[in-house]
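Peer 1: Got a structure for you, questions after.
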Amino acid sequence: MDPVVTIIITPRDRYTGLDECVEAVYRHTPQPFRLWIMDLDYPEAVIAPVRRQLEGRAEVRFFELGLRTPMDALREAQPLVDTPAVVLLDNDSRVTEGWLAPLLSALGDGHAVVTPLILEREGVDRGAPLRNHLYTGEIRVVDVEGTPYLIEHKHLRRTEVPDIPTERALTGTFELHCVLFDGELFKRIELPSMVIREHLDISLQVAAMGRTMVVEPRSVIHFDNLGTRMALSDMRFFFFRWGPKLTGPSSRLFERRWGYRFYSEQSMYNWVVRRKAFLVSRWLGAPIGIANRATQVAKKLFCRDWDPLPDPDGASRPLLAGGVPPQLSHELR
């Protein structure tokens, strides 16, 4: 039977956990699939066991690409896709039983992009052991002294599981933890070299094509959310991906392509500083509570804030209410 989907696994924030990600795919995916693994300079101790596990499987392909960003890696695979559907899956996310069929059903109903319900495990802060990370979302715009800024608004953020709706719903955004694309559309979208808000760039492209995106809560993905202690090699990748040489240029590339800055740009840079402090503390053996206190110290010492509005969400309006903004540039780098 021909594969119905190509599943492409890339590192998100870390290297470790790839074996668990692959194991979950095989345990919970009865449909025929191709599995492509983006080897972005994985340590041998991480990638070698996975290679041995998958040796001889015709559906598997490894892309040895060296240290690069996930988006740059996906551009290498993009023109090779020939299945009706494509799933992008981060290696720190875990599919669960019955995850794929509901996504394919929504694709069959004509939707171009389908996101499962993304649940985050308790990680960088305390809370419910499992809670909503992403149900639906939208891109909004808010004016600051006459300049429009974009806001990524996530509905029901961190809502506990019993309170999350169970019905399929339209969404204006998705995230790359796990998302299914129509295969032909995936080959048409641009994959810019971004590490920040790249999913929103793609969301705007899909809207410009007149296609719809939905969340399908019957499909559930668990996302680690940096809760598991990192190895030293994991932090090497995290510091590379979230370093200032990539984060700042990512923001400027989005601005050139769409004409907008993000209201939360400085907050994202501050998030990176806090997360680095958290990860180093955890690597040194600190429990989550102490690591969180270390992030507060880092925030006071190294972070400056830019948040001029008392309620930016309340002052914002849906970006697409006035139509999809024109794409000003097609630069990918």
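The values are calculated or read from the model by the stated rules, or taken from the named source; none is laboratory data. Since this is a predicted model, take the numbers as computed values, not measurements. Using ideal geometry, Cβ is built from the backbone for each residue, glycine included, and neighbour counts are taken over all protein chains shown.
Peer 1: Here's a check for you: in the range 151-169, which residue that is part of a strand (DSSP E or B) and under 18 Å from the mean Cα position of the chain (by Cα) is surrounded by the fewest Cβ atoms within 10 Å (Cβ to Cβ)? Outline the logic, then answer.
Peer 2: Start the filter on the range 151-169 by keeping residues that are part of a strand (DSSP E or B), which leaves 151-154, 160, 169.
Right, trim to under 18 Å from the mean Cα position of the chain (by Cα) and you get 151-154.
On the way: I151: 18, E152: 19, H153: 18, K154: 16.
By that ranking, first place goes to K154.
Peer 1: Cβ-Cβ under 6 Å, sequence separation 6+ or interchain: first residue in the range 142-163 and touching a residue at least 60 places away in the same chain (Cβ under 8 Å), partner among the acidic types (D, E) and surrounded by 15 or more Cβ atoms within 10 Å (Cβ to Cβ). Which pairs?
Peer 2: Correct list of pairs: H153/E138.
Peer 1: Just to check your reading of the model, which residue among R257, R261 is touching a residue at least 60 places away in the same chain (Cβ under 8 Å), over 29 Å from V161 (Cβ atoms), surrounded by fewer than 21 Cβ atoms within 10 Å (Cβ to Cβ) and in contact with an Asp or Glu (Cβ under 6 Å, 6 or more places away or on another chain)?
Peer 2: Numbers: R257 fails: in contact with an Asp or Glu (Cβ under 6 Å, 6 or more places away or on another chain).
None of the other options fit; the residue is R261.
Peer 1: So in the range 303-323, with the set limited to residues that are surrounded by 13 or more Cβ atoms within 10 Å (Cβ to Cβ) and more than 12 Å from V141 (Cα to Cα), which one is modelled with the highest pLDDT?
Peer 2: Checked the range 303-323; the qualifying residue modelled with the highest pLDDT is L309.
Peer 1: Among the residues of the range 112-128, are any in contact with a strand residue (DSSP E or B) (Cβ under 9 Å, 6 or more places away or on another chain), outside any strand (DSSP E or B) and within 26 Å of E184 (Cβ to Cβ)?
Peer 2: yes
Peer 1: List pairs: first residue in the range 110-136 and modelled with pLDDT of 90 or more, second residue basic (K, R) anywhere in the structure, Cβ distance under 7 angstrom, at least six positions apart or on different chains.
Peer 2: A112/R211; L119/R131; E120/R131; R131/R158; N132/R157; N132/R158; L134/K154
Conditions tested, residue by residue: (1) small (G, A, S); (2) free of Cβ contacts under 8 Å to residues at least 12 places away in the same chain; (3) under 16 Å from G227 (Cβ atoms).
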{"position": "R275", "(1), (2), (3)": "no, no, yes"}
{"position": "G285", "(1), (2), (3)": "yes, yes, yes"}
{"position": "A291", "(1), (2), (3)": "yes, no, yes"}
{"position": "A321", "(1), (2), (3)": "yes, yes, no"}
{"position": "S329", "(1), (2), (3)": "yes, no, no"}
